[in-house]
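What follows is one structure encoded as structure tokens, with my remarks underneath.
The values are calculated or read from the model by the stated rules, or taken from the named source; none is laboratory data. Remember, it's a predicted structure, so these values are computed and weren't measured experimentally. Note: ideal-geometry Cβ built from the backbone for every residue, glycine included; neighbour counts use all protein chains shown.
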Amino acid sequence: MPTLNNAICGACLKKTPPFQSTLAACRYAFPIDRIVQNFKYGQNLVLTKLLASLLYDAYQTKRHHATPIALPMAFMAMPLARTRQIERGFNQSQEIARNLAKKLRIPLLDGLLSRIKDAPKQATLPWRKRHQNVRQAFSCIASLSGQHIALVDDVMTSGATAHAAAQVLLKSGANRVDIWVVARATVNHSVNQY
């Protein structure tokens with residue numbers, strides 16, 4: 001059963017997602033929401049180390065928990081659609097994953113997972129439409145046979161993007177996929193304000 005920092009969320013109780021667990025460093029609320037926005041939309045790459053450190057610290061805390069979180073064999077970054085990567089000039093998840101991989105001395109599998117569908121931004125859609133928006137949005141170009149992968153992203157809101165990407169990684173042979181995010185939004189948090 002998937003867990004969020006060793007607690008099962010209500011949505012996962014209703015329908016089990018393809019990922020095993022979610023490690024979130026912070027709740028997506030002030031001030032972390034502003035920091036992430038500044039990093040992502042303000043191209044403030046100096047914040048990469050801070051955000052990766054928050055995730056690293058969350059792992060270290062959960063590592064010593066009564067039910068410890070497992071260290072993956074490799075990290076992957078949540079890919080951006082090509083147009084968004086060009087607009088932004090970088091992939092924020094890639095930057096966080098690269099820094100985190102160095103800290104934990106774990107390989108970063110770069111460029112294997114790609115976003116092949118350029119769809120509207122998830123944040124602009126109602127929660128109920130998000131799964132449909134990312135359906136068949138990802139492709140993996142390599143066999144991940146037997147690997148435990150942690151997919152790194154900046155923010156998780158509905159979980160639809162993580163769900164779609166994890167399905168592709170499992171179809172490519174991964175035996176376990178975890179989601180590691182800097183911040184996790186709650187259902188009550190308005191994500192359409194940005």
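Worth a mention:
- Residues (of a type in the set (Asp, Glu) and surrounded by fewer than 18 Cβ atoms within 10 Å (Cβ to Cβ)) located in the range 15-68: Asp57
Conditions (1) under 14 Å from the mean Cα position of the chain (by Cα); (2) within 24 Å of Phe30 (Cα to Cα); (3) at pLDDT below 95, marked per residue:
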site	(1), (2), (3)
Trp127	no, yes, yes
Arg135	no, no, yes
Phe138	yes, no, yes
Gln147	no, no, no
His163	yes, no, yes
Leu169	yes, no, no
Ala185	yes, yes, yes
His189	no, yes, yes
Gln193	no, yes, yes
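- Checklist (1) assigned to a helix (DSSP H, G or I); (2) of a type in the set (A, V, I, L, M); (3) modelled with pLDDT under 95 applied to Leu54, failing item: (3)
- If you go through the range 1-38 and pick out every residue that is at pLDDT below 55, of a type in the set (Val, Ile, Thr) and touching a strand residue (DSSP E or B) at 6+ places or on another chain (Cβ under 9 Å), you end up with 1.
- Which listed residue, of Thr61, Thr67, is in a helix (DSSP H, G or I) and more than 20 Å from Thr161 (Cα to Cα): Thr61
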